[in-house]
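Please read the structure below before turning to the comments.
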Amino acid sequence: MRWKFDQAHDVACVTCRSVVAGHPVLVATHHEDDHSWAFTDGAPIDMAKVLVVAMSEVVERHPDLDEIADLPPGWSATRVAADQPWSRQQNG
């Protein structure tokens with residue numbers, strides 16, 4: 001698998017327990033300030049369920065994230081379900 005993200009595969013990202021357990025990623029955020037990434041299930045953020053893991057842990061479980069690997073810093077991508085297209089928007 002060719003790595004498509006702007007961060008190395010072992011760089012930390014923010015995610016939630018459900019995504020690591022296999023729930024689809026419905027919100028992906030590429031932060032502008034430090035170019036870090038967050039991959040969540042779309043539910044309100046519960047700090048008790050937030051995890052910091054290597055990006056590869058999320059991308060290997062969710063190879064469909066390759067579709068948004070080119071998301072610019074300062075942008076987010078959302079979708080309503082795993083089989084639906086991504087919608088991209090600049091963070092504001």
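Counting the residues of the stretch 6-42 that are touching a Phe, Trp or Tyr at 6+ places or on another chain (Cβ under 7 Å) and under 14 Å from Pro63 (Cα atoms) gives 4.
Looking at the stretch 15-27, can you tell me whether even one residue there is aliphatic (A, V, I, L, M) and touching a Gly at 6+ places or on another chain (Cβ under 6 Å)?
As a first pass, look at the stretch 15-27 and keep what is aliphatic (A, V, I, L, M): 19-21, 25-27.
Within this subset, residues satisfying the condition of being touching a Gly at 6+ places or on another chain (Cβ under 6 Å) are 26-27.
Yes - at least one qualifying residue is present in the stretch 15-27.
Quick check on the stretch 34-53. Is at least one of its residues open to solvent by 50 Å² or more (accessible area, probe 1.4 Å), outside any strand (DSSP E or B) and touching a Lys or Arg at 6+ places or on another chain (Cβ under 7 Å)? Yes: the stretch 34-53 contains one or more residues that are open to solvent by 50 Å² or more (accessible area, probe 1.4 Å), outside any strand (DSSP E or B) and touching a Lys or Arg at 6+ places or on another chain (Cβ under 7 Å). Take the residues in the stretch 65-91 that are under 14 Å from Lys4 (Cα atoms) and either at pLDDT below 95 or aliphatic (A, V, I, L, M) (or both); name whichever of them is surrounded by the fewest Cβ atoms within 10 Å (Cβ to Cβ). Among those that are under 14 Å from Lys4 (Cα atoms) and either at pLDDT below 95 or aliphatic (A, V, I, L, M) (or both), it is Ala69. Specify the residue that is nearest to Gln7 (Cα to Cα); the eligible residues are those in the stretch 17-33 that are open to solvent by less than 30 Å² (accessible area, probe 1.4 Å) and not in a helix (DSSP H, G or I). Once the filter is applied, the top-ranked residue is His30. Can you confirm whether Trp3 is of a type in the set (A, V, I, L, M, F, W, C) and surrounded by 14 or more Cβ atoms within 10 Å (Cβ to Cβ)? Here the answer is no, as Trp3 does not meet what is asked. Within the span defined as the stretch 82-92, one or more residues are farther than 17 Å from Ala12 by Cα, more than 11 Å from the chain's Cα centre (by Cα) and aliphatic (A, V, I, L, M).
The values are calculated or read from the model by the stated rules, or taken from the named source; none is laboratory data. What you see is a predicted model; the values in this text were computed from it and never measured. All Cβ positions, glycine included, derive from the backbone under ideal geometry; neighbour counts span all protein chains shown. Protein only, heavy atoms only, side chains kept; ligands, DNA and RNA dropped before computing areas. Shrake-Rupley method; radii C 1.70, N 1.55, O 1.52, S 1.80 Å.
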